Amino acid sequence: MTQPSAAPGRAKRRRFRFVANAKATTGLVILGIYCLFAVIGPWVAPYDPDARSGDVLQAPSLRHWFGTTHLGQDIFSQILVGARSVMVVGLVAGVLATILSILIGVTAGYIGGAADEGLSALSNVFLVIPALPLIIIVTSIVEQASDTLVALIIGCTSWAWGARVLRAQTLSLRRRDYVEAARATGERPWRIILFEILPNLTAIIASGFVGTVIFAVMSEITLAFIGISSISSWNWGTILFWAQGQQALAQGAWWWFVPAGLAIALLGTALALINFGIDEFVSPRLRSAGRTRIRTADGRSVRMRVGFTPVLAPTPRTVPVPREEVAP
Amino acid sequence: MRFLLQRTAFYLFTAWAAITLNFFIPRLVPGDPVQSLISRNQGRISADAIESLRVLFGLDANENVWEQYLHYWGQLLHGDLGLSFTFFPAPVSTVIGDSLPWTVGLVGITTIISFLVGTALGVGAGWRRGSWVDGLLPATTFLSSIPYFWLGLVAIAVFAGPGSFFPSSGGYEAGLVPAFDGYFIPSAIQHSILPAATILVSSMSGWILSMRNMMVTVSSEDYITVAHAKGLSERRVALSYAARNALLPNVSGFALSLGFIVGGTLLVEIVFSYPGLGYQLFQAVGAKDYPLMQGIFLIITISVLVANLLADVAYLLLDPRTRKS
């Protein structure tokens with residue numbers, strides 16, 4: 001409820017309005033830390049993730065922060081090294097799926113007619129077919145699929161949701177006055193799409209991108225966990241794959257699978273928080289209103305609801321102080 | 001009626017697309033998987049079975065792709081999905097028939113419960129926006145970000161173990177024969193509690209959130225204010241006016257996200273070694289059992305399509321506008 005006091009303050013506030021959202025900031029900070037580790041992880045890892053040692057199945061200690069595996073490999077190093085693969089696959093698949101969804105969704109929405117029918121049918125088909133079993137089968141055909149290939153497969157199968165949402169939004173934008181005006185002034189279709197329509201889809205594209213990254217990360221880890229993609233390179237799914245294969249649960253080695261799972265969950269939460277931030281940025285109603293119980297003039301307490309305007313109690317706390325401003 | 005016919009036509013089209021996809025995928029397999037199977041099972045495969053597998057993998061040199069495609073459809077319409085490599089010489093259809101009821105029971109029931117309970121909680125959270133319920137939303141986000149299978153692993157580590165009430169794997173007590181009797185049913189239920197709870201915990205928060213957001217949006221509509229102004233009870237406005245309208249997008253969202261949910265829940269079966277399609281798919285992938293993988297993919301897709309059609313019928317019942325046209 002803070003009002004911007006001066007003009008420069010207001011300009012700054014507007015520019016960073018999205019970041020001012022607490023959820024989005026939290027998400028972005030966590031995501032930034034993950035990206036940092038994706039870059040420097042392999043350099044700062046204390047051990048070689050493949051190196052065996054005599055410390056077999058050690059619980060977490062100062063020497064091995066997250067404990068060791070059945071071969072004495074350091075799990076903390078495996079997590080650090082694995083971060084890169086997870087982030088790269090997530091981002092590449094996310095970018096690919098976003099590009100596909102923009103191409104297909106915006107084209108379908110803007111052109112309309114038979115092309116629209118065809119493209120929406122295509123995206124609906126991809127939406128209804130269960131993506132994960134399809135990804136599993138396609139990946140299992142390739143022997144020891146690499147990270148890049150996994151990212152490509154995930155990206156090519158997970159664009160449909162974004163395309164659907166973008167098409168709906170483009171349909172509603174296409175007949176707006178400013179687009180009609182652009183068309184009347186003779187702008188070319190590609191210019192209208194790029195400069196008139198796309199900027200207004202930014203929030204939806206961003207939220208679709210974040211959603212796809214979540215899905216891509218989960219799918220990649222799943223593929224590694226069930227042992228389809230290459231198990232020679234490290235990611236968090238590979239760690240879980242070995243933990244499951246070596247009966248870590250039965251041996252009570254909780255440190256083997258807990259850190260990887262928490263790392264995945266935290267990344268997923270960060271991305272979901274960013275998406276909440278985008279949603280609330282676009283539709284302010286969704287923000288959880290701060291204080292909603294308010295005392296009214298007749299002394300009763302009322303819960304605020306959208307569309308309600310209670311008469312507030314004339315207490316010094318809630319009444320704005322106009323006199324002081326008048327005095328000087 | 002027109003709406004339902006349109007949807008049915010679309011699902012038939014999708015089924016055709018999935019089957020066609022299924023036709024082309026094995027043709028991408030490098031090498032000759034059938035030859036290696038034959039050499040592994042020297043003399044134990046009948047000529048008919050070899051023929052059927054060759055059709056499935058498109059290895060019949062005398063046919064062009066179009067003839068192969070027609071031949072494939074012919075096999076499919078006879079219910080012949082080929083022979084499973086892992087459960088050789090059992091046909092894929094038998095293997096799937098054994099595991100399908102488990103998946104439908106576990107995944108089907110938990111998905112419906114999760115949707116109903118999640119939607120009900122979402123109605124509460126959306127109606128009481130700004131109350132303590134909003135504080136729980138980040139927690140549910142965290143829960144939904146956890147991969148299903150990892151939550152299953154943790155559930156096994158915490159709740160199952162020697163001497164625990166919850167078994168850590170399998171669908172029923174070893175030694176029991178699947179039948180509807182007083183020994184088998186309780187055992188099956190006991191084995192399904194932990195996987196079901198895992199699926200519920202991680203899938204419910206999505207429904208809570210989407211329903212909450214729809215409720216918040218609907219709550220600010222004019223007809224809600226009018227309903228309040230008429231002096232209707234809070235309960236009536238919340239349920240008959242707001243929730244009733246907020247439900248529609250959630251139901252269509254349910255239909256669309258079924259594919260994602262089913263994919264995730266199949267993994268829970270893997271962790272719990274639950275004898276359903278997901279576990280079967282896991283084994284098939286490990287053994288490079290292509291006919292079984294394809295068959296499972298086809299069955300999962302068709303089940304999701306049928307579930308989608310049911311969701312559409314529910315939508316038809318809920319939204320009078322679709323009935324009028």
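If you wrap the tightest convex hull around every Cα atom of the stretch B:262-303 and split its volume per residue, you get 57 Å³.
Could I get the Rg over Rh figure for chain B? Both from C-alpha atoms, Rh via Kirkwood, rounded to two places.
Radius of gyration over Kirkwood radius for chain B works out to 1.05.
Which whole-number percent gives the relative contact order of chain B, counting Cα pairs below 8 Å spaced six or more residues apart?
Details: 338 pairs, mean separation 83.5, N = 325.
Relative CO of chain B lands at 26 percent.
Its Cα gyration tensor gives the stretch A:211-263 an equivalent ellipsoid. The semi-axes, each the square root of 5 times an eigenvalue, are 20, 13, 8 Å from largest down.
Note down the Stokes-Einstein diffusion coefficient of the stretch B:215-304 in µm²/s, whole number, using a Kirkwood radius over alpha carbon pairs, 25 °C, and 0.890 mPa s. Walk me through the numbers on the way to the answer.
On the way: Rh = 16.3 Å.
The diffusion coefficient I find is 150 µm²/s.
A run of chain B free of exposed loop cleavage sites, with chymotrypsin sites (Phe, Trp or Tyr not before Pro) counted only in DSSP states other than H, G, I, E and B and at most 15 other beta carbons within 10 Å, reaches its longest extent at B:184-325. Annotation note: trypsin sites (Lys or Arg not before Pro) in the stretch B:206-275 located in DSSP loop regions with a Cβ neighbour count of at most 16 within 10 Å are B:K230.
Calculate how large, on average over all directions, the projected area of the Cα convex hull of the stretch A:103-143 is; give the answer in nm² to one decimal.
Working: hull surface 14.1 nm².
The number I arrive at for the stretch A:103-143 is 3.5 nm².
Once the Cβ-Cβ distance of B:L317 and B:Y183 is raised to the sixth power relative to R0 = 41 Å, the FRET efficiency obtained is 0.55. Normalising the Debye intensity of the stretch A:107-213 to I(0), with uniform scatterers on Cα atoms only, and taking log10 at q = 0.11, 0.13, 0.17, 0.18 Å⁻¹ returns -0.45, -0.59, -0.86, -0.93.
Semi-axes of the equivalent ellipsoid of the stretch A:12-291 are 41, 23, 14 Å, computed as sqrt(5λ) over the eigenvalues of the C-alpha gyration tensor in descending order. Both radii were evaluated on the Cα set of the stretch B:92-141; the Rg over Rh quotient, with Rh as the Kirkwood radius, amounts to 1.31.
Among the trypsin sites (Lys or Arg not before Pro) found in the stretch A:142-213, those both in a DSSP coil and sparsely packed, with 12 or fewer other Cβ atoms within 10 Å of their Cβ, are A:R175.
We did not get these values from a lab; they are worked out from the coordinates using the rules stated. Because the structure is predicted, anything quoted here is derived from the model rather than measured. Glycine gets a Cβ as well: all are built from the backbone with ideal geometry, and neighbour counts include every protein chain shown.
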